[in-house]
Amino acid sequence: MTTLIQELVASAPVVTDGAWGTQLQARGLQPGGCPDTWNLLHPDRVEEVGHAYVEAGSRVILTNTFRANRLALAHYGMADRVPEINRAGVEISRCAAKGRARVFASMGPGGKLLVMGEVSEEQLREAFEEQAKALAEAGAEAIVVETMSDVTEAKLAVRAARATGLPVVASMTFDSGRDHDRTMMGTTPEEAATELAVAGADVIGANCGQGAELYLPICRRLRQASTLPLWIKPNAGLPELVGTQVEYRETPESFACQARALVEAGASFIGGCCGTTPQFIRTLARALVGEEGC
């Protein structure tokens, strides 16, 4: 475990941030638009999101770089701007943090399926290496490989991130199978814990896919399977389609209570994913120090 992770875990639980995509949509990002390009087009609005989370109590914030790899950016005709977009993402979050929070850089999936032959392992490896290098050179303090459904892809990303010398968090999405306890590719928490640790992750965990209550058994199983610190970021409940809008019905108060249970189950890093807002993080931070009742 790296010195930075040891330092943070020593004062766990560590409150991380909430959703970025839905927050950018609230600031004008159109459905189907590319959030990462806003690092160049609307850096002030991106910084607003990071700043709001710091003000809410986040001790770790991410960067707006979830899809800033060349495979995902090619869909928007931006594959040649990977270094620029990632550098800007780190710089924006560092400005938002102002030394009050750590900046961990986000790396998401390539957006193409290995199992369907849409991409090769070599193509993924090269894409992740390019992105990780740009994030590290821009001053990120760690890299978070997140929202992964294919453990093979996750391991490629972890190894690319690890090569930078930065601490690495590896987080899978468990939302499939009869009991919603597997990734889309069928990986169990126990299998993910083992394989991600071997790949070199300093922290493992789960994010997105479902709400805090449903992630409680996942958290317990990860804790039983590994001694590594756990990173857990659930959604604000399950999404519901209301007309043409996706809505999340979980309240900040109920989310915070469920998050306390996740900490009791072993989570060292706790925050939110889709649908969560700075108010969710503020309420969570207060609940963890006993200022909000459950």
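The values are calculated or read from the model by the stated rules, or taken from the named source; none is laboratory data. Computed from a predicted structure; not experimentally measured. Positions of Cβ are generated from backbone atoms using ideal geometry, with glycine treated the same way; all protein chains shown enter the neighbour counts. Note: areas computed on protein heavy atoms with side chains; ligands, DNA, RNA excluded. Shrake-Rupley method; radii C 1.70, N 1.55, O 1.52, S 1.80 Å.
Odds and ends about this structure:
- Area accessible to solvent at GLU84, 1.4 Å probe radius, in Å²: 70 Å²
- Taking Cβ atoms as reference points and 12 Å as the exclusive limit, the residues near PRO239 contribute a net charge of -3, counting Lys and Arg as +1 and Asp and Glu as -1.
- The range 147-247: proportion of alpha-carbon pairs further apart than 23 angstrom, %: 25 percent
- Here the range 143-294 has 49 percent of its accessible surface on carbon and sulfur atoms, given a 1.4 Å probe and all protein chains in place.
- Extended-chain gain in nm, criterion 0.36 nm per residue less alpha-carbon gap, HIS42 and GLU118: 24.2 nm
- Build a GNM of the chain with springs between Cα atoms under 10 Å apart, and of GLN25, GLN210, GLN258 the one that fluctuates most is GLN25.
- Each stretch of four or more DSSP H residues adds -39500 (n - 2.57); spread over every residue of the chain, this sum gives -13000 deg cm²/dmol at 222 nm.
- Solvent exposure of the chain as accessible area per residue, Å², 1.4 Å probe: 41 Å²
- The Rg/Rh ratio for the range 196-282, using Cα coordinates for both the radius of gyration and the Kirkwood hydrodynamic radius, is 1.02.
- Net charge contributed by nearby residues that have their C-beta within less than 13 Å of ALA140 (K/R +1, D/E -1): +1
- Charge tally in the Cβ shell below 12 Å around ARG221, where Lys, Arg are +1 and Asp, Glu are -1, ARG221 excluded: -1
- Distance between modelled label sites at GLU55 and SER11, nm, 7 Å Cα→Cβ extension: 2.2 nm
- Taking N as its residue count, the alpha carbon Rg of the chain over 2.2 N^0.38 Å: 0.91
- Candidates SER226, SER106, SER268, ranked by Gaussian network fluctuation over the chain, Cα under 10 Å, top entry: SER226
- Heavy-atom accessible surface of the range 2-129: percent carbon and sulfur, 1.4 Å: 50 percent
- Residue with peak Gaussian network fluctuation, the chain [Cα springs, cutoff 10 Å], from MET78, MET172, MET107: MET78
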